[in-house]
Amino acid sequence: DGGAQKLEKAKITLNDCLACSGCITSAESVLITQQSHEELCKMLTFNKTAAPNEQKLVVVSVSPQSRASLAAKCKMGVLETAKKLTAFLKSVHYVFDTTFSRNFSLLESQQEFVKRFRKQSEDKKALPMLASACPGWICYAEKTHGSFIIPYISTTKSPQQVMGSLIKGHFAEQQRLTPDQIYHVTVMPCYDKKLEASRPDFFNQEYQTRDVDCVITTGEVLKLLEQEGVSLSDIDPAPLDTAFSSTAEEELTSHSGGGSGGYLEHIYKYAAKELFGIQVDTIQYKPLKNKDFQEVTLEKDGVVLLQFALAYGFRNIQNLVQKLKRGKSPYHYVEVMACPSGCLNGGGQIKLEGESSKDQLQQVERLYASLKTDIPEKNQTVNELYERWLGGVASEKAAKALHTEYHAVEKTSAGFNIKW
C-alpha cells in the first residue's frame, strides 16, 4: 500500500549458520553473542562477586594451532607462549592443552577405520571413512548432503569435544564437582568450533550444561590482551598445568602428520600394520590438482591395499562429494578440512599486519612443527584413563564419551521446508 514499516532487527543463532566461511568473519562475529570472549569476562567477573557455593571452576583448554598462531604474532617459541598464556589467564583455575585429548581422537579413529575396512563387503557405506574433526565440514555435510553423506563420516569426536567429555566427566569427578559447577572454555583456530560446542549432542540434559561452555578464537585471545593493555611477550611465564599430561611441566608435545591433527598419517600407519602387517615409517604424499588435495597409496606386488587422501577447502570437498555420488571415489579414508591449508589457516587465527598470508602460514607451520611428536599408543596417561575413566577400550562408556552422531538438517523459511 506504499506505507513504510520498520522491521525488527534480524538475529541469527549458531544453529542457523551453514558454516561456509562466507560471512562469519571477525567483523561479523559480534552477532554471535552466545560464544565470545565477553562471555568469558562475564563469568570471571561473576566469580569475583558470587558466594563461594555459587562460583564455578573455570578451565581453559588451548588448541595447539591457536598457540602456534599466538607464538608467531608475539615472535616467541611455543613453550614460552604457553607459559605466558597460562600466566595471563590468572583468573582461570586451570589451563590445559587439547593435544592431550587429540590422543583419544586419533586412537578411536584408527580403531574405527579398521572396523569399517573389515566390514566393507557387507556395508557399502562403510568406506570411505571421512574425518569428523572439522565442524565446518560437518555442518556443510549435514545441511547440504544430509542422509547421503552421513554414513561415511567418522563418529569419533573432535579433540575439542573429547576435552569437553574429559573436563565435565573425569576431571569433574576428580575435583568432586558436578559438570555444571565447571565453566569450560576452549581456544580454537576457527569460528566453526563455536557451532560444534553448541550442538545439542554435546549438551548434558541431567545437569543442563554443555561439555564446552564457551569457545573463543585465537584472535579473541588477542582482544583480551588488548583489553588488559598488555603484551603477551611482557608477561612473566607460569608453570604449565599438567593434570592431563604425562610430560613434565617444562615440555609440550605434538602429533606428526600436519597442522590439522595428523589423522590421515596415524590411521594410515595403524591400518597398514593392523590389516596387512606392513610397517610404514614415512609417508609419500602425491599432490593432485592442488596442494590441498593429496593422495597416499599403499601397494604390495602391484596391488593397491590402501588409498587415502586429504581434501582441504570447499572446492576440493565438493569435488570429493561429487565423486562419491557418482561412485568414482577410489579412497578408503579422506582427511577433510573446510579451510584451505587446514586448521593452522583457520578463520579465527591472528592475521599479521604487513606480511603476506603465505609467509604468515609458513611461520605458524614452522612453530607448530617445532615440538617433539607423541605416539598416542605409547601415551601412558591416555592408556591409564582408558582403564580408570572409561572402563577399557571399546567399552560402552568409551563409546558414549568419545563418539557422537550426525543429523540430516531441514531448514524452514517463509513457510517452506527447504532441504539444504
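The values are calculated or read from the model by the stated rules, or taken from the named source; none is laboratory data. No experiment lies behind these values; they were computed from the predicted model shown. All Cβ positions, even for glycine, are placed from backbone atoms using ideal geometry, and neighbour counts span all protein chains on display. For accessibility, only protein heavy atoms count, side chains too; no ligands or nucleic acids. Shrake-Rupley method; radii C 1.70, N 1.55, O 1.52, S 1.80 Å.
Please compute the length gained on full extension between Gln380 and Thr155, using 0.36 nm multiplied by the number of residues separating them and subtracting their Cα-Cα distance.
Working it through step by step, the gained length comes to 78.6 nm.
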In the chain the DSSP beta bridges are antiparallel at a rate, in percent to nearest 5, of 40
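Normalising by the residue count of the chain, find the relative contact order in percent from Cα pairs under 8 Å and 6+ residues apart.
Values: 665 pairs, mean separation 96.5, N = 420.
Computed value for the chain: 23 percent relative contact order.
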With Cα springs under 10 Å, the Gaussian network model of the chain assigns the largest mean-square fluctuation among Gly258, Gly342, Gly302 to Gly302
Within region 301-315, the residues whose backbone N lies under 19 Å from a label point placed 7 Å from the Cα of Asn290 along the Cα-to-Cβ direction are 309-315
Kirkwood Rh over alpha-carbon pairs of region 91-236 plugged into Stokes-Einstein at 25 °C, 0.890 mPa s gives a D in µm²/s of 143
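At 1.4 Å probe size, with every protein chain present, just tell me what the per residue accessible area of region 327-368 comes to in Å².
Details: 1970 Å² over 42 residues.
About 47 Å² of surface per residue is accessible.
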Applying the gyration tensor rule to the Cα atoms of region 222-294 (axes a ≥ b ≥ c; rounded if a/c under 1.5, else prolate if a/b exceeds b/c, else oblate), the class is oblate
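Can you send over the carbon and sulfur percentage of the accessible area for the chain, probe radius 1.4 Å, protein chains only?
With neighbouring chains kept in place, the figure for the chain is 50 percent.
Leaving out ligands and nucleic acids, and using a 1.4 Å probe, what accessible area per residue does region 185-284 come to in Å²?
On the way: 4210 Å² over 100 residues.
Solvent-accessible surface per residue comes out at 42 Å².
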Plugging the Cβ-Cβ distance of Lys125 and Phe203 into 1/(1 + (r/R0)^6) at R0 = 22 Å yields, to the nearest 0.05, a FRET efficiency of 0.20
Per residue, the convex hull enclosing the Cα atoms of the chain spans a volume in Å³ of 189
Per-residue ellipticity at 222 nm attributable to helices in the chain (runs of n ≥ 4 DSSP H, -39500 (n - 2.57) apiece, nearest 500 deg cm²/dmol) works out to -10000 deg cm²/dmol
Ranked by GNM mean-square fluctuation in the chain (Cα springs under 10 Å), the top entry among Val95, Val304, Val215 is Val304
In terms of the alpha carbon gyration tensor, root eigenvalues a ≥ b ≥ c, rounded if a/c is under 1.5 and otherwise prolate when a/b exceeds b/c or oblate, region 315-395 is oblate
Taking 0.36 nm per residue of separation between Cys41 and Ile278 and subtracting their Cα-Cα distance, the length gained on full extension comes to 80.2 nm
Between the modelled labels at Lys90 and Lys223 (7 Å from Cα along Cα→Cβ) the distance in nm is 2.4
Probe 1.4 Å, heavy atoms of protein chains only: per residue, the accessible area of region 88-128 in Å² is 42
Partner lysines whose C-alpha sits under 24 Å from that of Lys119, ignoring same-chain residues fewer than 8 away, are Lys157, Lys269, Lys273, Lys300, Lys323, Lys325, Lys328, Lys397, Lys400
Largest fluctuation, Phe308, Phe148, Phe100 only, Gaussian network model of the chain with Cα springs under 10 angstrom, belongs to Phe148
Protection proxy (average C-beta count within 10 Å per residue), highest first, orders 274-285, 171-182 as 171-182, 274-285
